Structure formats: C-alpha cells, structure tokens
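Chemist: I'd like to ask you about the structure that follows.
Every number in this text was worked out from the coordinates using simple rules, so none of it is lab data. Just so we're clear, the structure is a prediction, and the values are computed from it rather than from any experiment. Here the Cβ positions follow ideal geometry from the backbone for every residue, glycine too, while neighbour counts run over all protein chains shown.
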C-alpha cells in the first residue's frame, strides 16, 4: 500500500529536511556518557530519532512511488509498494531493539544490586526480550517473503534523500500553481541521473579480440596502421554505445508510462524452491543463533558455528539456481548477496571467536603497541571502549 | 643434514608420543560436537565453494586444453608447410641458382689475371650470399608462417575452439578467400616471387660485397676468424633499427609481405563504382598491417634473433668439423694421453685453411643445411620464445578467467 500524499505543512517541512535528522543522530552518538551512564537515555533518544527517520523515509518512498519514480538520485531502488508496510514495521522494530536490550540489561543490573540471587531470572528477561524481537523480525520477514512470492528479500530500508522529495514536492506545487498537466521536467532529471549505474547492460563479451593487443600500441609508428583488432574493438564500442542508447531510451519510455511501478509482486522465481529455502534460513538465522546462544552459553562455539553454517547454507541455496540452472541473478539480488557476504565480517567480533583469536590476541597486541605512541593513546582508549561496548550489546553485532 | 640416531626412538619418547596421541584423541572425543560442527561447516563451505567455482574452473581448464591442443597441432602443420615451401622453391625450383656462381674450373681456365680476380671475387661473394640467404630464409619463413597461421587462428578459429561445447555459433571474422590470399603456401608464396626474391638476394649480395672486400681468396682463415666475419656481416642486417624497421631499405623482413602501396593498389583494383566488394581485400590489408606491427615489436625481434642464431649455430657446428685436424689430434693424443691419470676427451685442434679450400666446403655445408632443413625448422619451432609469441598472437593475451562460458 502506498502511503497518502502529505498535506500537513509540518510533515512537508520534515520530509523536505529529513536529512538533517542524520546530523541530530550523529550528535546523539557523541553525547557525553553515550556508552556510559546515560546510555539508556541517549539510546532512547537515538531510537526516537531512528523511528522518526524511518517514518519520514516511509512517507518519502510513498511520494516517490506515487510520482512514478522507483529510484533515488544515488541510483538505489525504492522498495516496491507491496514491501512498504511490512518493511516499516521491521525498521521500527530495528530502531527499538537496542533500546529494549539496554532497558532489560539495566533492569537486570538494578535487580542485581538489590538481590544477587535474582541474577539468572533477570538475565532470562534479557534473553527472552531479544528472542521475542528476533522472532518478531523473522515473522515479519517471513510475511514479506510470502508477499514477494518467494523472491529474495532485497530491500531492508527505504532511505530517500530529502532533496529528491523536495524536488518532487516543489514540482507538484508548481504544477498546481500553473495548472499544468505535463509531467514535471525536474523529475526526469532525477531519473536521468539514475541511469548512471545501469552499466550492467554493457557486459558484452569482449574477452577475445579486444583492444589490449600488445602489438597494436607498442610502436609510435603504428598508430596509423589499422588492424582487424582495431576494427573489431571499434565495432564493439559502437554496439555498446547503441545498446546503451537503446537501454536509456527504453528506460525513459518506461518512466513516461504511468503503469511502470508494479503494485503487485512478480511471479515466483524459477528457482523458487531453493531460493525460498535460502531465504527462510536467512530469516531464521538470528533466531537459531540466539536460541543456541541461550542454550550453550557465551563461551561455546556451537552457536557461532550453527549460525555460520546456516548463513552459508542460505547463501548456497540462494545461489544454487544461478550456478546450476543458469538462472541469472538480478542486479538487486546480486547486491543483496554481496551485502550478506559483507555481514559475515561480524563473525570476527562475535563470541567466542573474538575472545579466542582477536580480542586477547592480535588486536590487543597491536593496539597496545600503538598505545606506546603518545598521540594515539587517547584515540586507542576510545576505540577499545567503543569495541567493548559494541560487543556487550547483542544487537550491535547481530547483523539481523 | 643431521644423522638419524636410534637414541631418538628410546622407549620413553615412544610412550610420550603415544600419550600425546591419546590426549589428542580424548580431546577430539570430548569436543565431538565441536569437531562435528567444524567438519560440517568446512564441508558446507567446501561444497559452496565447489558449486560456485568448480564449474567455471572446469570450463576454463577445458578451454585452455582445447586452445593448447589447437595451438600445438597448427604449429606442427606450419612446420610441415614451411618444409614443403622451402623444398619446392629451393630444391625443386632451384631458386638459389639466381645467384650466379662461377665454377672452379672456369676460374682455373681463365688466363687473364684481372678476369680471374673478378671471377674469384664473384665466387666468394656468391657462395657467402647463398649461405646467408639459406640461413636467413629458413628462420624467416618459419616465423612468418607461424604468425600467419596464428593470426588466422585468432580471427577464424579461436572462438570455435573456446566455445566448442557451448553450442555457440562462432563467426569467422575473415572469409576463406582472404585466408588463402593471406597464408603463404607452396602454391602462393609472396616471398619467393621472382622480382621480390631477386631484390632480397641483391640486398644481401650488395652488403656481402662490401664486407668481403678485404677477405681475399688466397688468404688463410681460421675458424674463429671466419666466425668473426660472419658476425660482422650479420651486424649489417640484424641490428634492431634495421631489421625491425619495416620501412628501412635494408630490412630483410619487408620482402616477406607486399608493400603498403601494393596492397593499396590491390584494394583499389577490386573496388568498382557499382560494387563496393573490396571488403576481403580491406581485411587482407588490415592483416598485413597487424603483421607489420608485430614485425616492429620487441618480442618479435627477440624471436627472430633467436631463430636466426639457431640456423647459424647449425651451420657453424658443422663447419667446425671441417676445420678440425684428425692427424694433429692423433699426435696430441699419443703425447698427452699416456701421461694422463684419467681418461678424458681432448677436443680436436682446429687448423687454418686457404679460403679457396674453405669456399667449396661452405658450399657443401649449404647443401647439407638444405637437406637437414627440417631439423632446423623443428629446432626453431620448439623454442619457448617463438611459442610464447605465437600463443599470445593466437589468444591475443586472452584472460581465460574473464571468458564467459
């Protein structure tokens, strides 16, 4: 469902200046005691800012989609309409999850101070809260998976730069003023900018007979001697240019059509079975990790391995169709898989890997060495503090 | 290396090793879940890696093998073709007879001293010209034919070889007519065309005339002295700025291919106002342009130099035997060998000889080289340099990892 067009002036003002919220969020990050005494309070503020930001982004996406634009100015795709509602809830949960974790921890610590026997039950509250949050996110994502007909979940946020929204809203205002029915020209300029990252269409196979012929360019006298390699390269360049032009024309044509943005999801992918299994594993990976973490404890390798195995299995299933059945991944799917691959780095700072190999090992030695240099000492202390804080909270490193 | 000592395997040490192994076994048993998870995750990681990479690696490997098989077979084909070309033009058509050589009998019968001198000069020049012609023709034709075959391979067959099992219809970038016009064969060899080959011979002859000015026929020559003479003459042809510069007047390579003007004329002659049917000649022109570019490259110069060295080495190795003195060797052996504590082969001593005796021997060696040309062609063809150059011409330095299968 596409959200309604904003009418309130305050909302319009906020939408047109939503990027400044990022500045506010950065300021909150550096509040005194952000990771110390006032951690809960500042995290609360941060969560509120995040919720506001995600709400504004949700509305901004709605504005873009209702104006028939599915890409923001930096080339990123706006989630399609059938994503928006569920994704809004997921991002809301994500905005609040850290706050709730901290709240549960703080409550636990207060109880610890008054009655140390209640330690376990308080710890259990924290575990239960995290479990509920992870389960809630998994259920929401599962719902999204059903909505997308088993397609890979490629959208995880709906960030829209405020300048894009501002341009559209201004145009709409101008249109109203001038009573014009034509499509706004500025919108087109945004769309035209989007074509920059459409170069994936240019991967014409030019492995052989390419321009890197050693014998063509190594002699100054040769420049005027035209060879067959030169001709082929030139032809390929022309074909590439023509394809590009054709692609751009198609894009422009599509963008001029009012029915471009699909309100309904596409049919199930050809590799439906494997892709769905991959997605389900990806969705439930954090739940599996957290449950096993609660069962086996922080020092056990089992949760770490279970999570990694689930992650790798998910990736294998998701890419199975591509490698075995030659079903090509879309650009968004490839990007998403790449994003997931990058998230694997979190395994380096999760327990017990971090303690075993990084924390007390290499990193500590390296940082201690750097601390000997006077200028770095304060910086290193801050960095170590940040690292320790990041590792004490599950959601900082959960990548869920 | 330290010597192995049995003390190292004393019972205490054996039992310690046994204990350690036992500890390790119990460690594995106590952490069986961990071991299972590690092996399971490694298995999954391996499978994942296999699924993603093995197919492409296999395709790359197969493609490389196919290209290499094609390359090797075409190089062999080229060797046979070069052998056939040289046999036809030198053995059968006696093309070297263009170099007029006076016979020793005619020199002896000549009474006029100035005429006699002129004839002897002509004899030495013609024999050395023949020698240089043969020693240059073999490597030049070999390398050139290879280049031609590999350029044709690049434009006509590489795609087919690469994607053999991909059911892709590869397209020839040049047609068969252009291919047969371009490739030298025993029936169509530009190099051995009358006027062109005469010019090639003249160029060598003129240079040799100058170089042999002080090399009198009644003088004596040592083997080393003759080698120096060969090097001096070779320097006149083989300097990079001369041989690799196709526009240079003294470049021998320019006789291998038609000049740019000749090609332009050919293209123009095929073009008619009604019909623009000169595409195959345009392609031919571009192929020759590519050959010119290769001729001027450093890689080619290295290959050419190496190949010419191979043919000269074959000749000098055989000529050395003519300078060896068996009698002198026997004398030395009888004096030296009985006193030597161990058996050893003393190289045969070399003697000097009159140039009038040397020249017929050189002439005989030229005949030997022509007879044994196949082995020289094979030697040239088997060097790494020539294979590297031609492989890079065929594949255009293709990065197999980037090929889309």
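Chemist: Go ahead and estimate [θ] at 222 nm for chain B from helices alone: -39,500 (n - 2.57) per DSSP H run with n ≥ 4, summed, over the residue count, rounded to 500.
Modeler: Details: 17 runs with 269 residues, N = 405.
After summing the helix terms and dividing by residue count, I get -22000 deg cm²/dmol.
Chemist: Suppose R0 equals 56 Å. What FRET efficiency, 1/(1 + (r/R0)^6) with r the Cβ-Cβ distance, do residue B:242 and residue B:330 give to the nearest 0.05?
Modeler: Taking R0 as 56 Å, the efficiency between residue B:242 and residue B:330 is 0.75.
Chemist: Follow-up question, since we're still on this one. Within segment A:312-355, list the residues whose amide N lies under 20 Å from a label point set 7 Å along Cα→Cβ of residue A:368.
Modeler: Under cut-off, by backbone N: A:353-355.
Chemist: I would also like to ask the following. In what order do B:261, B:314, A:311 fall by count of nearby beta-carbon atoms within 10 Å, going from fewest to most?
Modeler: Final ranking by Cβ density, sparse to dense: B:261, B:314, A:311.
Chemist: I've got another one for you. Post the alpha-carbon centroid distance, segment A:323-344 to segment A:139-164, in whole angstrom.
Modeler: Measuring centre to centre over Cα atoms gives 16 Å.
Chemist: Once R0 is set to 41 Å, what does the formula 1/(1 + (r/R0)^6) return for the Cβ-Cβ distance between residue B:249 and residue B:111, expressed as a FRET efficiency to the nearest 0.05? Spell out each step's value before the answer.
Modeler: Numbers: r = 40 Å, r/R0 = 0.97.
So the FRET efficiency works out to roughly 0.55.
Chemist: Right, here's the next one. Please report the projected area of segment A:350-399's Cα convex hull averaged over all directions, in nm².
Modeler: So the Cα hull casts an average projection of 3.4 nm².
Chemist: Given segment B:19-127 reduced to its alpha-carbon atoms as identical point scatterers, what log10 I(q)/I(0) does the Debye formula return at q = 0.10, 0.18, 0.22 Å⁻¹?
Modeler: Computed log10 I(q)/I(0) values: -0.69, -0.99, -1.11.
Chemist: Using the alpha-carbon centroid of each, what span in Å lies between segment B:200-258 and segment B:51-101?
Modeler: Each part reduced to its Cα centre gives a spacing of 29 Å.
Chemist: Within 10 Å of each residue's Cβ, count the other Cβ atoms and sort A:333, A:134, B:327 from fewest upward.
Modeler: Details: A:333 19, A:134 24, B:327 9.
Ordered from fewest to most neighbouring Cβ atoms within 10 Å, A:333, A:134, B:327 come out as B:327, A:333, A:134.
Chemist: Extension gain residue B:350-residue B:87, at 0.36 nm per residue separation less the Cα-Cα distance, in nm?
Modeler: Stretched out fully, the residue B:350 to residue B:87 stretch lengthens by 91.3 nm.
Chemist: Next question. Consider a paramagnetic label point 7 Å from the Cα of residue B:51 along Cα→Cβ; state which residues of segment A:305-323 have an amide N under 13 Å from it.
Modeler: Only A:310-323 pass the distance filter.
Chemist: Now a separate question. Using alpha-carbon positions, what is the distance between the centroids of segment A:49-92 and segment B:302-317, in Å?
Modeler: Answer, in whole Å: 74.
Chemist: Using the basic label-point model (7 angstrom from Cα toward the beta carbon), what is the residue B:361 to residue A:142 distance in nanometres?
Modeler: Computed distance between label sites residue B:361 and residue A:142 equals 9.8 nm.
Chemist: Same structure again: Which distance in nm do the two modelled labels at residue B:224 and residue A:389 give, with both placed 7 Å along the Cα-to-Cβ direction?
Modeler: 8.5
Chemist: Neighbouring Cβ atoms within 10 Å as the yardstick, rank B:371, A:160, B:267 fewest first.
Modeler: Fewest to most other Cβ atoms nearby, the residues stand as B:371, B:267, A:160.
Chemist: While we're looking at this one, here's another question. How far is it, in nm, from the label point at residue A:106 to the one at residue A:325 when both lie 7 Å from their Cα along the line to the Cβ?
Modeler: 5.0
Chemist: Here is a follow-up. If the elastic network links every pair of Cα atoms under 10 Å, which of B:74, B:52, B:352 fluctuates the most in the Gaussian network model of chain B?
Modeler: B:52
Chemist: Rounded to a whole number of µm²/s, how large is the Stokes-Einstein D of chain B at 20 °C and 1.002 mPa s, given Rh as the Kirkwood radius over C-alpha pairs?
Modeler: Here the translational diffusion coefficient equals 81 µm²/s.
Chemist: Using a Förster radius of 30 Å, what is the FRET efficiency between residue B:14 and residue B:35 based on their Cβ-Cβ separation? Nearest 0.05, please.
Modeler: It comes out at approximately 0.70.
Chemist: Give the angle, between 0 and 90 degrees and rounded to the nearest 10, that separates the Cα long axis of helix B:298-323 from the longest principal axis of the Cα atoms of chain B.
Modeler: 60
Chemist: Moving on to the next point. If the label point is 7 Å along Cα→Cβ of residue B:404, which residues in segment B:53-93 have backbone nitrogen under 20 Å from it?
Modeler: Correct set: B:53-64.
Chemist: Still on this model: May I ask you to compute the full-extension gain from residue B:309 to residue B:270, defined as 0.36 nm times their residue separation minus their alpha-carbon distance, rounded to one decimal in nm?
Modeler: Result for the pair: 9.9 nm of gain on full extension.
Chemist: Further question: Which three extents, in whole angstrom, do the alpha-carbon atoms of segment B:25-84 cover along their principal axes, largest first?
Modeler: Extents along the principal axes, in whole Å: 76, 25, 6.
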